[in-house]
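All of the numbers you see were taken from the coordinates with simple rules; none came from a lab. Owing to the predicted nature of the structure, the values given are computational and were not obtained by experimental measurement. Here Cβ is always computed from backbone atoms with ideal geometry, including for glycine, and neighbour counts include all displayed protein chains.
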Number of protein chains: 2
Amino acid sequence: MQTLIQLLDEAGLFTGHRTLRRGEYLMLAGQRDRNLYYVESGTLVVTVVINDEEQCTRFGYAGEVVAAIDSQVGGEPSKFGIKALRKSVLRVANYGAYHDFMRADPDRHAAYEASLGWLICGLLEREIDLLTPSPEERYRRVLERSPRLFQEVPAKYIANYLRMTPETLSRLKKGAG
Amino acid sequence: MQTLIQLLDEAGLFTGHRTLRRGEYLMLAGQRDRNLYYVESGTLVVTVVINDEEQCTRFGYAGEVVAAIDSQVGGEPSKFGIKALRKSVLRVANYGAYHDFMRADPDRHAAYEASLGWLICGLLEREIDLLTPSPEERYRRVLERSPRLFQEVPAKYIANYLRMTPETLSRLKKGAG
DNA sequence: GCTAAATCTTGCGTTGGATCAAGATCGCCC
DNA sequence: GGGCGATCTTGATCCAACGCAAGATTTAGC
């Protein structure tokens, strides 16, 4: 079966590559970004600044697609920034072109809508994680669902993502294996 | 301009009414529900059970539409329950029929996709609220954006929604006007 | 309108996670 | 592969929010 990325590639939607060093920003909060990025290698983090603190909202692993979703929907500058956690190589496509391409064919259109549905389910899951009162419970929930997170992302980002300090996460790891 | 509800009504999509007493459940978590509900009057709360505790994830006010979104997308039983906070009257439509109706016409289809987009933006906003570390800040963020919440929903539900105890919310109200 | 129940407020003791600090370890870059 | 900055661990202290309880107030239902 053909992957989405192969499909986009054959359709000539990718306009180029982008290489990021560790710590380099793909985009800053407050900017309008009209692209979609396929992560060929590396790891990205999507952040939002709350009270002058950078908070992690999700991660982009190799093989995944990232974009400033809120900016594509509302047309406004995005609230989110995206930063490379290590040297990363991305393929770039225009989001509007992707959008039009997906809507041009009934099957692709259905796939596009399905992807929105999964995105929504992911956000609902994330909301449940964040509503979970105990740090240990949050840790265990996410550990079970996203093993990749703990393999590829430095602990201090995981701690921030889990709404706790790095110290607390470190103690949880020790206690709960 | 014609509202979405008028459109659905004229298309004959509403199959009936449902009246709920205060405290009565429209649906329980773990059930599959294939309907969409228009809130004619009253107020609903969407909850999820975490560690035997009911947590509020959002509210349904008069004039709004609620549904077990995750259940419509994944086809699985929903993680969410929906309860009436007061006597409420709903109009009921089959979600699949609504879905097909919206996809049958290009304009409606575009409106349907736009509604998914706004849903996503709302969930992103909610994530930012929940990531906000200080209870006072969370209170002020939501107060500014959702005045209706504080008019129509008992404080203990608001406190739960804001990830704090009713006591803490009560003290914040006193302090911050 | 009256009554009962649910909700909200306020005070106070407790505590879990934050903060601060110091040392150990990791891993990136040259 | 070695040096060094960044990250991670561990311990000690602190404080903001929680939990409990009791009284005031509101609201629902008859």
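Points worth noting:
- Copy-to-copy label separations for A:Thr3, where each label sits 7 Å from Cα toward Cβ, in nm and ascending: 4.6
- Just so you know, the Rg over Rh for chain B is 0.98, from Cα atoms, with Rh as the Kirkwood radius.
- D by Stokes-Einstein for the protein assembly as shown, Kirkwood Rh over Cα pairs, 10 °C, 1.306 mPa s: 72 µm²/s.
- Hits among lysines - C-alpha to C-alpha of A:Lys83 under 27 Å, sequence gap 8 or more where chains match: A:Lys156, A:Lys173
- Pairwise Cα separations in the stretch A:4-94 fall into 10 Å bins from 0 onward with the following percentages, short to long: 18, 50, 29, 3, 0.
- Label point 7 Å beyond Cα along the C-beta direction, distances from B:Ala104 to other copies (nm, shortest first): 2.9
- For the residues of A:128-135, the average number of beta carbons from a partner chain within 10 Å of their own beta carbon is 5.
- Taking amide H positions as modeled 1.01 Å from N, with prolines and chain starts lacking one, the residues under 5 Å from B:Met27 and 5 or more places away or on another chain are B:Ile82.
- Shortest-first distances to equivalent copies, position B:Thr19, nm, label 7 Å out along Cβ: 7.1
- Amide N of the stretch B:45-87 lying under 19 Å from the label point, which is placed 7 angstrom from the Cα of B:Arg141 along Cα→Cβ: B:55-59
- Per residue of A:61-70, other chain Cβ atoms within 10 Å of the residue Cβ number 1 on average.
- Inter-chain shielding of A:114-125 (mean C-beta neighbours from other protein chains, 10 Å cut-off): 5
- Label-point separation, B:Glu40 to A:Ser170 (7 Å along Cα→Cβ), nm: 6.1
- Evaluated at q = 0.13, 0.19, 0.23 Å⁻¹, a Debye calculation over the C-alpha positions of the stretch A:86-152 (equal weights, vacuum) places log10 I(q)/I(0) at -0.62, -0.91, -0.97.
- When peptides B:89-95, B:106-112 are sorted by average Cβ neighbour count within 10 Å, with the highest value leading, the order is B:89-95, B:106-112.
- Sorted largest first, the spans of the alpha carbon positions of the stretch B:1-55 along the three principal axes are 45, 22, 21 Å.
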